[in-house]
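Reading through the structure tokens given below for one structure.
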There are 2 protein chains.
Amino acid sequence: MDTIETILSHRTIRKYKETPIEDAILKQILEAGFRTSTTGNMQVYSIIVTKEKEIKNKLWESHFKQDMVNQAPVILTFCADFNRFNKWCKLREAEPGYDNFLSFMTAAIDALIVSQTVAVAAESFGLGICYLGTTTYMTEKIINILHCPKGVIPITTLVIGYPDENPELVDRLPYEGIVHDEVYHDYSPEAINKIYSEKEALPLTAELLKENNVDNLAKVFTQYRYKKGDNMHFSKQLLSVLESQGFMNNA
Amino acid sequence: MDTIETILSHRTIRKYKETPIEDAILKQILEAGFRTSTTGNMQVYSIIVTKEKEIKNKLWESHFKQDMVNQAPVILTFCADFNRFNKWCKLREAEPGYDNFLSFMTAAIDALIVSQTVAVAAESFGLGICYLGTTTYMTEKIINILHCPKGVIPITTLVIGYPDENPELVDRLPYEGIVHDEVYHDYSPEAINKIYSEKEALPLTAELLKENNVDNLAKVFTQYRYKKGDNMHFSKQLLSVLESQGFMNNA
């Protein structure tokens, strides 16, 4: 399938057929991911491929019980991983200095851009995908379920399988809302109103306002979907995971 | 161009022709990026497109004076951006709670997976790309050069333009080195030796050992390329940027 066509037809899929993914196709998709650039070609990431019902069920609980986690044939957990690299260094009598926040970011960046290559590759085979943002909320539980040692932190998850729905393309902000010319140009209130006007006028937005009994879409986000208290709670947990997985030796 | 073919033929390009990128093509590439999944479709990222010689020259200094930054026609800086979303919330009398570490990670994830879609889209047009890892080292300077307000943090940078070199495919670790079956399987010393054996046997590795006067490749990384002291220094700086850009209100 043509690259731009693959990218432009992306939809998040939340309903999957039971059809398994052929091993050869899954391997090809993952190996496509390997070609992605990584810092210094260190490849400080790992991909955990989970298919077993029992383990998927534990992941389902961690990912806020979203049914697709049990339904889809394959769950891919992308981890920032300095464990492998550190072990290699130590075996070669080279002293690794990767137990700090910068190294965590380096490894997280590797894992994330690889995950998107894998997503695009999967979609080019007619597979559907869904990213699970819950990975950074429930990191400690996922670490336990997937037996991640020190130096390894799950960063994102892809649910992957053959789609059992065919949703429409979802709205996006206009070009002027996202792209800045030469340097960052901060937004005036008029610009903000314009950028969000199309989204605010969608029938989906009207439904959400009714459902949540609020008078605008921003409040759906701040009062229901991504709340300050939850964000602060998960922030503390994630920072504590960085500490316990060995990435906060900064001073 | 076929998607898998595009992905499998990725090479990092470090030499660029002066040929500018046609506006229509650049726009198509960026709009392809917009289709990428983001958390809750919030799209909490921005892309800064820099072409002006003077600003590129300042970026070149920040990115460790890598010549391609001046040479390539376009520099794309991908930023984690809650500024736009926060402004929208405040205009709608919704109280944003996105000044914490989790929200930073959410926005960074958005920016990063979008950057990889843009990279793949660019390559499908015959353009070359190079990621600049220096973005997370020199974040504060880049923030100043690109006038990023509070809530905005540059996370990665793509150099982009028509290639003036045709490098060979670079080595990658074997499948067994990266992929874990069901859960994470920690590496034995024998496994580590096997995973790194091909890389260690490359002619490029022999060259690097001679150049750096060390007896193995791991030491090239720990003693020259990614040193503990540098990593700790940049960790402190990056954490201080998170604080000053308004993402560390966690308690």
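Read-outs: derived from the displayed coordinates by stated rules, not from any lab. These numbers come from a predicted model, not from an experiment. Cβ: placed from backbone, ideal geometry, glycine included. Neighbour counts: every protein chain shown.
Below is a table of values for the structure above.
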{"read-out": "Restricting segment A:1-24 to residues that are more than 18 Å from A:GLN116 (Cβ to Cβ) and in contact (Cβ under 8 Å) with a residue 40 or more places away in the chain, the residue that is nearest to the chain's Cα centre (by Cα)", "value": "A:ARG14"}
{"read-out": "Residue count, segment B:148-181 (criterion: among the aromatic types (Phe, Trp, Tyr) and not in a loop (DSSP other than H, G, I, E, B))", "value": "1"}
{"read-out": "Test: residue in segment B:37-51 that is outside any loop (DSSP other than H, G, I, E, B), more than 9 Å from chain A (Cβ to nearest Cβ) and either surrounded by fewer than 18 Cβ atoms within 10 Å (Cβ to Cβ) or under 18 Å from the mean Cα position of the chain (by Cα) (or both)", "value": "no"}
{"read-out": "The lone exception for B:CYS79 - which of (1) more than 16 Å from B:THR134 (Cβ to Cβ); (2) touching a Pro at 6+ places or on another chain (Cβ under 6 Å) it fails", "value": "(1)"}
{"read-out": "Checklist (1) assigned to a loop (DSSP other than H, G, I, E, B); (2) among the aliphatic types (A, V, I, L, M); (3) in contact with a Pro (Cβ under 9 Å, 6 or more places away or on another chain) applied to B:ALA94, failing item", "value": "(3)"}
{"read-out": "Hey, B:LYS65 assigned to a helix (DSSP H, G or I), without any contact (Cβ under 8 Å) to a residue 24 or more places away in the chain and more than 8 Å from chain A (Cβ to nearest Cβ) or not", "value": "no"}
{"read-out": "From A:LYS87, A:LYS56, residue being surrounded by 19 or more Cβ atoms within 10 Å (Cβ to Cβ), facing chain B (nearest Cβ under 8 Å), without any contact (Cβ under 8 Å) to a residue 24 or more places away in the chain and in a helix (DSSP H, G or I)", "value": "A:LYS87"}
{"read-out": "Search result, residues across segment A:107-133 that are at the interface with chain B (Cβ under 7 Å from one of its Cβ atoms) and in a helix (DSSP H, G or I)", "value": "A:ILE109, A:LEU112, A:ILE113, A:SER115, A:GLN116, A:THR117, A:VAL120, A:ALA121, A:SER124, A:GLY133"}
{"read-out": "Residue list for segment B:182-212, restricted to those being outside any loop (DSSP other than H, G, I, E, B) and β-branched (Val, Ile, Thr)", "value": "B:ILE192, B:ILE195, B:THR205"}
{"read-out": "Selection within segment B:97-106 - within 8 Å of another protein chain (Cβ to nearest Cβ), of a type outside the set (Gly, Ala, Ser) and more than 16 Å from A:THR106 (Cβ to Cβ)", "value": "B:TYR98, B:ASN100, B:PHE101, B:LEU102, B:THR106"}
